[in-house]
Amino acid sequence: MEQISNNLSQWRKDRNITKDMQRDNFLTLIQEELKEYCEAKNVEDKIDALCDMAVITINSSKTDSLYPLAYLYPREVTNPNTELGIQIDKVISSDFDDTQTLNLLVLIADLVEGLSYDFILCMHETVKEISSRRGAWSEEKGKWIKDTSKEAQKLWYKADYSKCKIIQRV
């Protein structure tokens, strides 16, 4: 998890994005991904949306050390949409308290693991994907807007979540 946090720190630095900028737009950004999660047509689309939510959460956190996350999951999530909504609200209402932020990350990790995918491996794939994209920060939209030109798309890496599947041994 520490490597993921470091890679995202570099991603923000390369794009001149601060954690404050991410916190200012957290609700809008997380709602976009929550919508994608709810509308996902397959498991890997759900994984993509969940990992994007984790990226937004890490990029908005007040701490750079999220190492304790590795010790907090797994647990069964019975009502994902409700639990995500409640925990997102707790993060915002606590002004991004470290405990509430970690709890949201743990919930996301639990959801990914519950779909039989390794959360850490999925996050590495997600970070590789977002790092391959070019674009610019939009003040108007309050978020990073990827360059969708054909030239830019040639450089895009697509996260391969099939490599992150947890193989059950019998």
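Per-residue answers, yes or no, for (1) in contact (Cβ under 8 Å) with a residue 24 or more places away in the chain; (2) over 23 Å from residue 3 (Cα atoms); (3) among the hydroxyl-bearing types (Ser, Thr, Tyr):
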site	(1), (2), (3)
100	no, no, no
106	yes, no, no
119	yes, no, no
145	no, yes, no
148	no, yes, yes
151	no, yes, no
Exercise. Scanning for something aromatic (Phe, Trp, Tyr) and at pLDDT 95 or above, does the range 24-36 turn up at least one residue?
Worked result: yes
Exercise. Can you pull out the residues in the range 137-170 that are open to solvent by 90 Å² or more (accessible area, probe 1.4 Å) and assigned to a helix (DSSP H, G or I)?
Worked result: 150, 151, 163
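The values are calculated or read from the model by the stated rules, or taken from the named source; none is laboratory data. These figures come from a predicted structure and were not determined experimentally. Virtual Cβ from ideal backbone geometry, glycine too; neighbours counted across all protein chains shown. These area figures cover heavy atoms from the full protein model, side chains too; ligands, DNA and RNA do not enter into them. Shrake-Rupley method; radii C 1.70, N 1.55, O 1.52, S 1.80 Å.
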